[in-house]
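Q: Here you go, one structure.
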Amino acid sequence: MNKTENGLEYEVIIGCEIHCQLLTKTKAFCSCENRYGGMPNTRVCPVCLGLPGALPVISEEYVRLGIKAGAALGCTINAESKFDRKHYFYPDLVKGYQITQYDIPLCENGVVEITEQDAEGKPVTRNIRVERIHLEEDVGKSLHIEGAHSYIDYNRCGVPLIEIVSKPDMKSPEEAAQYMQTVREILKFIGVTDGNLEEGAMRCDANINLKIIENGKEYRTPISEIKNMNSFRAVRDACAYEVKRQLEEFQTDRQLYSDGFKRTMGWDEPNGKTVIQRTKNSMIDYRFMREPDVKPLRLSKGYIQSTIESVGELPAAKRERFQKEYNLSAFDVQTLTAEKELADWFEQAVKSAHDPKKTANWILAEVLAVLNEKNISLKELPFTPPMLAELVNAIDGQKITGKQAKEVFAEMLATGKAPNAIIAEKGMEQISDSAFIETIVSQVFTENPQAIKDWKNGKTNVAGWLMGQVMKKSKGKANPQQATDLVNKKLQAE
């Protein structure tokens, strides 16, 4: 329980409805291209515009990605489900109704594990139950020209969505934001969505109210549904503001609303507050009816099972395996598993590498820096994961120094050549012949008698200077460790 300054006890209750666009090639019920942006009203057809006589046909890819999402979020996949019409006034939905799933969804009864830090900074996990995941279509987009007109772009009409409805299990605004972030990470990792928040590929509606205890009596504030938030920060800040607002409202007039009253709110981010949009009392407002133009969805057990098996390893499981199998830190595995492409690239490199930790370091420090600087993807790199492993092995095997490796890496970026080929072309390979290095050390000592006297007089930094002279004379090819050992040995003998 939380407490206000005047001692009022309260508990925050939050449930989230996440709308997630799927990465299909076409729209949900027609063959129009599913792609963000473009010239308004150019990717439309009689089906997604709801013209008379045009009949929707379910996209198989749409259903398959819906099953993958459900499996990844721990849901039971229903072999039979159906579609319904949701009648409500959408100014940007030309049909006047939305095709969705109401009482028999594709997926039910899942769970998402979120991780937070306790007061001591230690990770704490908690399960958030998923009530259902249902298929539906997206609506168009209203374009508002300030001080002029509003226009409607129907390109987004019919884009395939899943709606992920949680149980009201979240106890704080921070948990709500973490839940959305975890869902996005999982679904993006398995290729169900690109998760682009700025483009509206994932939006969250948060339902929030409070359970308040006063003088032993329990009160429930009316539920506020905060609509269409497309960032983790917005979810956290909007819920935090609504907690404060509901507490203040309760203390002003706790008998103001009847049972079942629910408000739809918007988040005014520039002003940092929620604003009321409309009120509603029940689901009757939506006037659901069975969709007559789409047959019930019946899936075979074999199809469901094969689709579930295609999900693969999830981020949390991969992080745990990376730590155990490759002895990596929590920070390293968190970064390496942020994107499936990066995790796969690392594993391809590690197959040929002698040292997984050093390979991870090169990817995190050098490869990611190149990707950020050049704004390119891993696929656009001119070298392959095994080639990076070859470079790391060359350092590990003392074939080249760390400094030389940077030069080789730059050449790999410029030409796409293999490290060993570059090392051979530039004559970089280290010399580990003890007799050869000892000869150079002796020459350096003979040529610098004053340095030896200085060392004897207590100037210990002379050892490093002599080492530098050895590397210079060997043109950087002498094995640094052997050279250091021989310089120190000879100094001790003086």
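The values are calculated or read from the model by the stated rules, or taken from the named source; none is laboratory data. Model, not experiment: these values are computed from the prediction. Quick reminder, even Gly has a Cβ in these numbers, built from the backbone with ideal geometry, and neighbours come from all protein chains shown. Please note that ligands, DNA and RNA were not included when accessible areas were found on the heavy atoms of the full protein model with its side chains. Shrake-Rupley method; radii C 1.70, N 1.55, O 1.52, S 1.80 Å.
Q: Inside segment 1-20, can you point out the residues that are under 26 Å from Met229 (Cα atoms) and open to solvent by 30 Å² or more (accessible area, probe 1.4 Å)?
A: Asn2, Tyr10, Glu11, Glu17
Q: More than 30 Å from Arg245 (Cβ to Cβ), part of a strand (DSSP E or B) and touching a helix residue (DSSP H, G or I) at 6+ places or on another chain (Cβ under 7 Å): is that true of Gly38 in this structure? Write out each step before concluding.
A: Details: more than 30 Å from Arg245 (Cβ to Cβ): yes; part of a strand (DSSP E or B): no; touching a helix residue (DSSP H, G or I) at 6+ places or on another chain (Cβ under 7 Å): yes.
No, not satisfied.
Q: Is it true that Lys456 is within 24 Å of Asp355 (Cβ to Cβ) and open to solvent by 60 Å² or more (accessible area, probe 1.4 Å)?
A: So Lys456 fails the test.
Q: Let me ask another. Within segment 363-378, which residues are touching a residue at least 40 places away in the same chain (Cβ under 8 Å) and open to solvent by 20 Å² or more (accessible area, probe 1.4 Å)? Steps first, please.
A: If we filter segment 363-378 for residues that are touching a residue at least 40 places away in the same chain (Cβ under 8 Å), which is where we start, we get 366, 370.
Within segment 363-378, just Glu366 meets the criteria.
Q: Can you give me the ranges of the helices (runs of 4 or more DSSP H) entirely in segment 358-434 with at least 2 residues that are farther than 24 Å from Asp332 by Cβ and at pLDDT below 95?
A: Helices (runs of 4 or more DSSP H) meeting the threshold: 402-415, 419-425.
Q: Looking at segment 189-198, can you tell me whether even one residue there is aliphatic (A, V, I, L, M), in a loop (DSSP other than H, G, I, E, B) and free of Cβ contacts under 8 Å to residues at least 40 places away in the same chain?
A: Yes: segment 189-198 contains one or more residues that are aliphatic (A, V, I, L, M), in a loop (DSSP other than H, G, I, E, B) and free of Cβ contacts under 8 Å to residues at least 40 places away in the same chain.
Q: Select from segment 331-360 the residues that are in contact (Cβ under 8 Å) with a residue 12 or more places away in the chain and open to solvent by 60 Å² or more (accessible area, probe 1.4 Å) and list them in ascending order.
A: Matches in segment 331-360: Gln334, Glu339, Lys340, Glu341, Gln348, Lys351, His354, Lys357, Lys358.
Q: For segment 140-149, give me each residue that is closer than 30 Å to Thr24 by Cα and loosely packed, with under 11 Cβ neighbours inside 10 Å. Step through it out loud before you land on a result.
A: Just the residues of segment 140-149 that are closer than 30 Å to Thr24 by Cα, to begin with: 140-144.
The answer is His144, and nothing else.
Q: So, Leu381, is that one surrounded by 15 or more Cβ atoms within 10 Å (Cβ to Cβ) and touching a Pro at 6+ places or on another chain (Cβ under 9 Å) or not? Lay out the reasoning, then the answer.
A: Working: surrounded by 15 or more Cβ atoms within 10 Å (Cβ to Cβ): yes; touching a Pro at 6+ places or on another chain (Cβ under 9 Å): no.
Answer is no for this residue.
Q: Now, a different point. Name the residues in segment 318-343 that are within 15 Å of the chain's Cα centre (by Cα) and among the aliphatic types (A, V, I, L, M), would you?
A: Passing the criteria: Val333, Leu336, Ala338, Leu342, Ala343.
Q: Which residue pairs have Cβ atoms under 6 Å apart, sit 6 or more places apart or on different chains, and have a first residue in segment 30-51 that is closer than 24 Å to Tyr97 by Cβ and a second that is open to solvent by less than 80 Å² (accessible area, probe 1.4 Å) and of a type in the set (Lys, Arg)?
A: Pairs found: Cys32/Arg43; Glu33/Arg43; Asn34/Lys27; Cys48/Lys27; Gly50/Lys95.
Q: Going by the structure shown, is Val63 surrounded by 13 or more Cβ atoms within 10 Å (Cβ to Cβ), more than 26 Å from Arg184 (Cα to Cα) and of a type in the set (Val, Ile, Thr)?
A: no
Q: Oh, and also: Out of Glu131, Glu137, report the one residue that is open to solvent by less than 20 Å² (accessible area, probe 1.4 Å), within 21 Å of Leu297 (Cβ to Cβ) and not hydroxyl-bearing (Ser, Thr, Tyr).
A: Only one candidate passes the filter, namely Glu137.
Q: Tally the residues that are within 46 Å of the chain's Cα centre (by Cα), part of a helix (DSSP H, G or I) and closer than 14 Å to Ile440 by Cβ, restricting the search to segment 475-494.
A: Selection size over segment 475-494: 3.
Q: Next question, about the same structure. Quick check on segment 219-249: of everything there that is among the acidic types (Asp, Glu), surrounded by 15 or more Cβ atoms within 10 Å (Cβ to Cβ) and more than 23 Å from the chain's Cα centre (by Cα), which residue is farthest from Met180 (Cα to Cα)?
A: Quick first cut of segment 219-249, residues among the acidic types (Asp, Glu) only: 225, 237, 242, 248-249.
Adding the requirement that they be surrounded by 15 or more Cβ atoms within 10 Å (Cβ to Cβ) leaves 225, 237, 242, 249.
Next cut, more than 23 Å from the chain's Cα centre (by Cα) only: 225, 242, 249.
Values: Glu225: 16, Glu242: 18, Glu249: 27 Å.
Restricting to residues being among the acidic types (Asp, Glu), surrounded by 15 or more Cβ atoms within 10 Å (Cβ to Cβ) and more than 23 Å from the chain's Cα centre (by Cα), the top hit is Glu249.
Q: If you check Val192 against the conditions, is it at pLDDT 90 or above, in contact with a Lys or Arg (Cβ under 8 Å, 6 or more places away or on another chain) and open to solvent by less than 30 Å² (accessible area, probe 1.4 Å)?
A: yes
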